[in-house]
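Scroll down for the structure; my scribbles are underneath it.
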Protein chains: 2
Amino acid sequence: MNPIDSALLTDLYQLTMLQTYFDRGMREIAVFELFVRRLPPRRNFLVAAGLEQALDYLETLHFEDDELRWLADRGLFTRDFIDELAALRFTGDVDAMPEGTVFFAEEPILRVVAPLPEAQLVETRLINLLSFQTMIASKAARCVLAAPGRLLVDFGLRRAHGAEAGLLAARAAVIAGFAGTSAVLAGSRFGIPLYGTMAHSYVQAHDEEVAAFVDFARTQSGPIVLLIDTYDTEAAAAEVARLATRLRPEGLRVDGVRLDSGDLADHARKVRRILDEAGHPEIAIFASGNLDEWRLQELVRGGAPIDGFGVGTDLVTSADCPSLDSAYKLQEYAGVGRRKRSEGKSTWPGRKQVWRVRDRAGGLDHDVLALEGGAREGEALLQPAMRAARRVMARAPLEEMKRRASDGMASLPERLRALERAEPYEVRVDDGLRRLAAEVDARTTAAAAGGSVE
Amino acid sequence: MNPIDSALLTDLYQLTMLQTYFDRGMREIAVFELFVRRLPPRRNFLVAAGLEQALDYLETLHFEDDELRWLADRGLFTRDFIDELAALRFTGDVDAMPEGTVFFAEEPILRVVAPLPEAQLVETRLINLLSFQTMIASKAARCVLAAPGRLLVDFGLRRAHGAEAGLLAARAAVIAGFAGTSAVLAGSRFGIPLYGTMAHSYVQAHDEEVAAFVDFARTQSGPIVLLIDTYDTEAAAAEVARLATRLRPEGLRVDGVRLDSGDLADHARKVRRILDEAGHPEIAIFASGNLDEWRLQELVRGGAPIDGFGVGTDLVTSADCPSLDSAYKLQEYAGVGRRKRSEGKSTWPGRKQVWRVRDRAGGLDHDVLALEGGAREGEALLQPAMRAARRVMARAPLEEMKRRASDGMASLPERLRALERAEPYEVRVDDGLRRLAAEVDARTTAAAAGGSVE
C-alpha cells in the first residue's frame, strides 16, 4: 500500500473544483478552519492531535509525474490544468492548537490561509489526519481519567482500520497519557515504548503450559510477563509462583502475569492471593480483553488488584464513537467573510482565535471564540505553525504533548473529567464575530435574491 | 507515513515469541485459521474481503537492514535471532475464501500452514487487513440491500481512520456492490470509478451561487452535478432548471443536482417537481449527508425521488460496529490439534473446510464446518491461494468479486437479507471435528494435570 502520501489522497471533487478555480483565475487568498461541530454524545472535551502529520503532508505536497499522467488520461481535465497541478505546492500559512491541547465544539484547531486552490485541495487529508488522531487521543484521555496512575498500553493494531490507523492510534494514545503500545512500527517511527510478551498460540504450541513459561523465561532478555489464561488461570498462577521461586537462583525474574479472559476482577484477586502467599508480591498483574474506559473505571473503583491494562479494539476504533463531526470550512475568500447556511450546518465566518480564560486557581473558566485581532483575554490557543509554507512551530517531543494534555485535563472543571456527559463547558461567541456573521448573511441573501444567470 | 508494508507492522509479542521459537528450535508446521467468533449484533452475514492485500503482504514479507539494526538496538533480542529475522520469508501455504464470498460466524476465511515462526509473525497484519475490509464490505452489503438498484458511491475518505482505511474501504465497498468512490487514489490504485463534483466551499467562494454553477458547467469535461443546498435548496433548484435550459444551445448538459442537508426526502420531492415542471426530467437527484443503511431503506421505501446516494462516515467506519470479533488461532502444531479453552473464547481445533449446501432452488440451505478430508458435501469455500509461498489463486478483477458477493446475497434466505437481526443461518459442526476437539481437551487436561516445572 505504498505510497500513502500521494497528492491523489483526496476527493475527486477537490480536483474538479480546482479546474474551475484555475480556469476562472480564482487564486485569491482563502481562509479555511477545521473544527468539530458538536461533541460526540459521551465526550465532555476533546484532545487535539495529528498536527505533526498534517504539517508533514502540507510541506511535501506535490503530484508525481505518473500521477499527472494518470489524471490526464481520465478525460476530465484540460492540459493546462494538469500543468497547473504539476507546479502546485502548498505556499500558505497555518495556525493551529499544539497537539495535546484540550478543546471544545466549534473551536477551530487549525486554520489554513492560502491561495484558494491549495487551501481547497488539502481538505480531505487534513480532516482525515486530524479527526482520527484527535478522536483517538480523546478516547484515550477517558481511559486515563478512568484508571489514574495505572499503566495503560495500546494493544489495538490488529483491529485498527488498516496500518496507518494502527500507527497513528498508538501515537495519539501516548499523547493522551498511555505509557506505550504493542505496535513495533510505532515504536520505531515515533520512539514510543513497546510492550508485549506472549500470545495463547505460544502456550498452545507447547505440549505443556509450564514448559512454555520456562522456555520463555530462559530465552528472553526483556521483561517476562506470562499469559496465564490459556487453560486454567489459577492453576497457571500457582505454576508461575513455583517457577518464579525456582528460577530465582538462575538470576531470572518473572515480572508479571497477564489475564485476558473471564471475570478479570475475580481472577485478579485470586491470582494476587496465590502469588502473594507463595512469596511473590513483586509479580505484577496485567489485564487485557475487551477493555474500554467504562470497564477500566469499574475495575479500578472495585479495587481489582491490577497494575496495568492493555486496551485494544475499543481504543483504536473509538468504538462508541468512531468518527468526529469535523469540518474544514471556508470562512473568508478574497478578504470577504463567508458562511455556509445549510440546515443544521451553519458556520461562523472569518479568521478566528480561541481565547482560554482561567479562574484564580488556574482551572479552566471559559473560552472565547473571537475574530482574530478582536477580543483578547487569557491565552490564545491557535499558534503559528507554518508561514509561507515553512514550519515555524518547532517539532515537539511526544512527552511535551503528553504533558500539555495532562495539564489540560487536570485544569478541567471536575464535572468534565467524568465519563458521563456533563453540563457543557462555556465557549462564548464574541460580539464582533456575531456582527460579521450577520453582515455575511445580509450580503449572501441579497446576492441570492439579486443573482441571475450570467 | 511510508513505508506501510514494513515487517515491523506487527505486535512486539510476535517477535518475543519468535525469539523463543528459534532458540528452542520450534519450527514445525503450524496451522492457524482466521475467523469471526460471533456476528456483530446487527449482521446476518459477512462478506469476505481483503485477501489480495493479505497475499501481497505474505509474498513480500521481509525485514529491511535498518529495521534489523533498530531491533538489535532494543536490548530485547539476541544476535542470532536478528540473523534469523534477516533470513525470514513466508514459505507456507494459504487457503482462503475468495473475496466477495458470503460467510458466517466460526467459519475460517483463511488458513495459514507454515513453520511456526512465520505463521505466528504474520498474525497482526493478517487480522488487520482481513477484518477491516471484511467489516466494510459487510456494511456496504447492507447499504446495497437497503437501496436496490440505486447508484451508491463511497464518500468516506475524510472520515476514514487514516489513508489506508480510506483506500481499502473504497475497495471493499465496491466488492459489496457500490458503483464507485470519491477517493482519487483508490481510483488510480484499484481502477475504481470516481465520482464527485463540488463542495459548499466552491459555491461560497463565488459571490453568487448561480455564477458558481455557470463557471462549473463551462469549465468541466466530466459530469455536471451541482450542489444546491448551500443557501436555499429550492431556490437553487429553480436556478439550475433555468440554467440547464440556457446552456443547452451551448451543448452543455446539467447531469444532476446534489442535496447534502435537511430533510432529504422532502427536498428531493420539491426539487424533482421544480426540475420536471421546468422540462428537465433528465436531471438526476443525488443525495448525501449522514446516510447509513437504515436511512437509505427509509428513503427508498418512502419513495423519495433520489437516483443515487453518497455514503460516507457510517460506511467507512462501519459506525454501528467498528470492529469484528475476529481471531487468528493456532489449530494444529507439529501434526497435533490445538485448542484454546479460555473462558468464552474456545476454538475448534484442526485444519478445517467449510462446505456450502444449497437447496433445490439454488438458495443457501446450510453450511458444514468439517475437518479437511472429512465430511464432503456441497461446495468447498476455502480454496488454494498460496502453495510454498507462490500465489496459486489468480488475481481477480473487482468485478468478479462483486459478482460473487451479489450472487451470494441473492442466494441468502430472505430473512437474512433484512437489516434487522434474524434467526441465524445454520452452520453445522461435523462429528469428526467434535471428536477431535474432545481428544484435544482430554490431552491438554492431562498435560496440565501432569505438568511440572522442567
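Just so you know, all these numbers are worked out from the coordinates, no wet-lab data involved. These numbers come from a predicted model, not from an experiment. So basically every Cβ, Gly included, is an ideal-geometry build from the backbone, and we count neighbours across all protein chains shown.
Key figures for this structure:
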read-out	value
Amide hydrogen neighbours beyond the local backbone of A:Arg428, cut-off 5 Å, H modeled	A:Asp367, A:Val368, A:Leu369
Mean separation of Cα contacts under 8 Å, 6 or more apart, over the residue count of segment B:196-288: relative contact order %	28
Shortest-first distances to equivalent copies, position B:Asp56, nm, label 7 Å out along Cβ	2.0
For the protein assembly as shown, share of DSSP beta bridges that run antiparallel, in % to the nearest 5	65
Kyte-Doolittle mean at least 0.5 and Cα axial length at least 30 Å: DSSP H helices in chain B	B:123-146
Overall Cα dimensions of segment B:317-454, principal axis frame, Å, largest first	56, 39, 37
Burial ranking of peptide ranges A:286-296, B:244-254, B:12-22 (average Cβ count within 10 Å, highest at the top)	B:12-22, A:286-296, B:244-254
Tail weight of P(r) past 20 Å, computed on alpha-carbon pairs of segment A:293-368, percent	66
Nearest-20 debye value, segment A:196-288 charge dipole, Cβ charges on Lys, Arg, Asp, Glu	360
Net charge dipole size for chain A [Lys, Arg +1 and Asp, Glu -1 on Cβ; Debye, nearest 20]	940
Over segment B:196-288, volume per residue of the alpha carbon convex hull, in Å³	84
Spatial extent of segment B:1-151: Rg and Dmax, with the Cα atoms as the point set, Å	17.9, 60
A:Arg69-A:Arg218 pseudo-label distance in nm [points 7 Å out on the Cα-to-Cβ vector]	5.9
Distance between segment A:11-27 and segment B:364-443 - C-alpha centres, whole angstrom	48
Peptide ranges B:161-168, A:433-440 listed from the most packed, as the mean C-beta count within 10 angstrom indicates	B:161-168, A:433-440
Karplus (6.51, -1.76, 1.60) ³J(HN,Hα), θ = phi - 60°, over segment B:380-389, in Hz, Gly and Pro reported as x	7, 7, 7, 10, x, 10, 9, 10, 6, 6
Label spacing, shortest first and in nm, from A:Pro424 to its equivalents in the remaining copies (7 angstrom along Cα→Cβ)	4.2
Hydrodynamic radius by Kirkwood, which averages 1/r over all alpha carbon pairs of the protein assembly as shown, in angstrom	29.0
Surface/4 of the Cα convex hull for chain A, nm²	26.3
Per-residue HN-Hα couplings for segment B:181-192 [Karplus 6.51, -1.76, 1.60; θ = phi - 60°; Hz; x = Gly/Pro]	8, 8, 7, 4, 5, 5, x, 6, 7, 10, x, 7
Those lysines that a straight Cα-Cα span of less than 27 Å connects to B:Lys402, excepting residues fewer than 8 apart in one chain	B:Lys139, B:Lys352
Segment B:157-179 versus segment A:226-302: alpha-carbon centroid distance in Å	41
Exam field: B:Trp70 pseudo-label spacings to other copies (7 Å along Cα-Cβ), nanometres	2.5
